[in-house]
Amino acid sequence: DAGVTQSPTHLIKTRGQQVTLRCSPKSGHDTVSWYQQALGQGPQFIFQYYEEEERQRGNFPDRFSGHQFPNYSSELNVNALLLGDSALYLCASSSTGTSSLGEKLFFGSGTQLSVL
Amino acid sequence: SQQGEEDPQALSIQEGENATMNCSYKTSINNLQWYRQNSGRGLVHLILIRSNEREKHSGRLRVTLDTSKKSSSLLITASRAADTASYFCATPPTGSARQLTFGSGTQLTVLP
């Protein structure tokens, strides 16, 4: 049973560029959440996708957007990259019935994004 | 913003000793969760305690919750070098149950 998989593992971009990160949820899960984790900090919620729609969003600018596909996989897009976007981006999956109750999440290993 | 704050920020102990980490949070909650993260990679769920529970055990882990003080503690007994990791508490804030708000974490180092 595959867990949450993310790609790529590492990514280096320059300021102003755009980036797309990918996530496949754990088998049986239909909800995907994205988190940003700066060095030495806890993860911060970006947004959550369910039924191919953004269901909830954290305090992140519109430069951060996402998509969920019919197979429940998801993408995180960041436009006009800033140096401050350098962070570990984590994808987490859960199932519908539990997501509304704040139940446990299953995390991928993350994508380390460096913006130069 | 960070809902929970862990204390201490860093903890170093010898193998076999117990490790205690504390978490304080700000708003009312339905549950509180603890996660572990090795070397800045993915987080692993350790234990969940609901707001109507005061204590919960899982293997070498013991979690307590005091909703009147808005605080929780995680105790790891008989620590091992493999327990070296960052530990985070996380809560789904009331009204935003679909997200988790994490604290800034405690870095635990267990020396062999």
Q | Rounded, prolate or oblate (a/c below 1.5 giving rounded, otherwise prolate when a/b exceeds b/c) for the stretch B:35-94 by Cα gyration tensor | A | oblate
Q.
Please compute the volume of the convex hull spanned by the alpha-carbon atoms of the stretch A:5-115 and report it per residue in Å³.
A. 92 Å³
**Q.** Estimated [θ] at 222 nm from DSSP helical runs (n ≥ 4, -39500 (n - 2.57)) normalised by residues in chain A, nearest 500
**A.** -500 deg cm²/dmol
Q. Magnitude of the Cβ-charge dipole of the stretch B:5-111, K/R +1 and D/E -1, about the Cα centre, nearest 20 debye?
A. 360 debye
Q. Ordered by residue, what ³J(HN,Hα) values in Hz, to whole numbers, does the stretch A:67-83 give under the Karplus form 6.51 cos²θ - 1.76 cosθ + 1.60, where θ = phi - 60° and Gly and Pro are x?
A. 7, 10, 9, x, 8, 6, 5, 9, 10, 10, 10, 10, 9, 6, 4, 10, 4
Q.
Only four residue types carry charge here, +1 at the Cβ of Lys and Arg and -1 at the Cβ of Asp and Glu. Report the dipole size of the protein assembly as shown about the Cα centre in Debye, rounded to the nearest 20.
A. 180 debye
Q) How big is the stretch B:5-111 by Rg and Dmax over its Cα atoms, in Å? A) 13.2, 41
(Q) If amide hydrogens are placed 1.01 Å from N in the peptide plane, which non-local residues have theirs closer than 5 Å to the one on residue B:46? (A) B:34, B:35, B:36
Q.
Apply the Karplus curve 6.51 cos²θ - 1.76 cosθ + 1.60, θ = phi - 60°, to the phi angles in the stretch B:56-67 and return the couplings in whole Hz, x for Gly and Pro.
A. 8, 10, 8, x, 8, 9, 9, 10, 10, 9, 10, 6
(Q) Quick check on the protein assembly as shown: take the gyration tensor over C-alpha atoms, sort the square-rooted eigenvalues as a ≥ b ≥ c, and tell me if it's rounded (a/c under 1.5), prolate or oblate. (A) prolate
Q. Can you list the HN-Hα couplings for the stretch B:102-112, worked out from phi with the Karplus curve (6.51, -1.76, 1.60; θ = phi - 60°), rounded to whole Hz and with x for Gly and Pro?
A. 9, x, 8, x, 10, 8, 9, 10, 10, 8, x
**Q.** Dipole axis of chain B (+1 Lys, Arg; -1 Asp, Glu on Cβ), positive-most option in B:111, B:84, B:63
**A.** B:63
Q: Would you pull out the residues with amide H under 5 Å of residue A:106's amide H, same chain only if 5 or more places away, H placed 1.01 Å from N?
A: A:93
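Rule-based calculations on the coordinates, nothing more; no lab input. Small disclaimer: the values here were computed from a predicted structure and weren't measured. Ideal geometry is used to build each Cβ from the backbone, glycine not excepted, and the neighbour counts take in all protein chains shown.
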